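**Q** I have a structure here, written as structure tokens, and I will follow up with some questions on it.
The values are calculated or read from the model by the stated rules, or taken from the named source; none is laboratory data. The shown structure was predicted, so the numbers you read here are calculated from the model rather than taken from an experiment. Cβ sites come from the backbone with ideal geometry, for glycine too, and all protein chains shown count toward neighbours. Side chains included, ligands, DNA and RNA excluded: accessible areas come from the protein's heavy atoms. Shrake-Rupley method; radii C 1.70, N 1.55, O 1.52, S 1.80 Å.
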Amino acid sequence: MEPRLNYFGNPLAGKVLRHINSAGKVLSETLPTATQELVKIRASQINGCGFCTDMHTKDAAHAGETAQRLHLVAAWREATVFTDAERAALELAEQGTRIADAAGGVTDEAWANAAKHYDEDQLAALISLIAIINAYNRINVINQQPAGDYQPGQFG
């Protein structure tokens, strides 16, 4: 499989990616790394983004995440290995990713549950993280970016 274009080598796309990456770096110390990676993995699974799913499962494993938890992200509701805070973040990620599937978007219940576990800055970070990973998912899915070759730390 070949990507439709060399998005990562395109000068215009490079400018866009630098801005998206800068936004992501602002969030990097606001939420636990595990939570960030779980949110990125779940949104990427929902969006069918193999490139991002590959990247974030490998980054999470490299950061010490267990194989058991990584294997259970897609079935997090039935899994006992996630904290209540992580479950709230995963629910917010799912509803924030599937906004077109529900007329009301994110439910008040999902928001209230997240607000029990995260302060205002962390909630702002979660919203932003969900938006950023969805943007990356769309770029990679539209471009048919191949998955499987990512190495942790490859992009800096």
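**Q** What value, in deg cm²/dmol to 500, does the helix sum -39500 (n - 2.57) over DSSP H runs of n ≥ 4 give at 222 nm once divided by the residues of the chain?
**A** Taking each H run of at least 4 residues, the total per residue is -20500 deg cm²/dmol.
**Q** Return the FRET efficiency for the residue pair ALA61, ALA112: r is the Cβ-Cβ distance, R0 is 25 Å, and the value is rounded to the nearest 0.05.
**A** The formula returns an efficiency of 0.20 here.
**Q** Using θ = phi - 60° and the Karplus form 6.51 cos²θ - 1.76 cosθ + 1.60, what ³J(HN,Hα) does each residue of the stretch 144-156 get, whole Hz, x for Gly and Pro?
**A** With coefficients 6.51, -1.76 and 1.60, one gets 6, 5, x, 10, x, 9, 4, 10, x, x, 4, 9, x Hz.
**Q** List, in order, the whole-Hz ³J(HN,Hα) value for each residue of the stretch 67-80 obtained from phi through the Karplus relation with A = 6.51, B = -1.76, C = 1.60 and θ = phi - 60°; use x for Gly and Pro.
**A** These are the phi-based 3J(HN,Hα) values: 4, 4, 5, 4, 5, 9, 4, 5, 10, 4, 4, 8, 8, 9 Hz.
**Q** Among GLN144, MET55, VAL26, pick out the residue whose Cα is farthest towards the positive end of the charge dipole of the chain, where Lys and Arg carry +1 and Asp and Glu carry -1 on C-beta, about the Cα centre.
**A** Of the listed residues, the answer is GLN144.
**Q** Computed FRET efficiency, Cβ-Cβ of HIS71 and THR33, R0 30 Å: what is it to the nearest 0.05?
**A** 0.95
**Q** What spacing in nm lies between the two simple spin-label points modelled at ALA23 and ASP149, each 7 Å away from Cα in the Cβ direction?
**A** For ALA23 paired with ASP149, the spin-label model returns 2.8 nm.
**Q** Under the classification rounded if a/c is under 1.5, otherwise prolate if a/b is larger than b/c and oblate if not, where does the stretch 16-150 fall, given a ≥ b ≥ c as square roots of the Cα gyration tensor eigenvalues?
**A** Details: a/c = 1.34, a/b = 1.19, b/c = 1.12.
Rounded, because the longest to shortest axis ratio a/c is under 1.5.
**Q** Show me the ranking of peptides 15-22, 139-146, 55-62 by mean Cβ neighbours inside 10 Å, starting with the highest.
**A** Highest-to-lowest ranking by the protection proxy: 55-62, 139-146, 15-22.
**Q** Just how large is the dipole of the chain about the Cα centre, in debye to the nearest 20, putting +1 at every Lys and Arg Cβ and -1 at every Asp and Glu Cβ? If you can, show how the numbers build up before the last one.
**A** Working: 13 positive and 18 negative charges, 110 e Å.
Dipole about the Cα centre, nearest 20: 520 debye.
**Q** Give the carbon-plus-sulfur fraction of the accessible surface of the chain in %, rounded to a whole number; probe 1.4 Å, heavy atoms of protein chains only.
**A** That fraction is 55 percent.
**Q** Could you give the distance between the Cα centres of the stretch 77-107 and the stretch 1-46, to the whole Å?
**A** 20 Å
**Q** Calculate, for the stretch 76-156, the solvent-accessible area per residue in square angstrom, rolling a 1.4 angstrom probe over the heavy atoms of the protein chains. Walk me through the numbers before you get to the answer.
**A** Values: 4460 Å² over 81 residues.
For the stretch 76-156, the per-residue accessible area is 55 Å².
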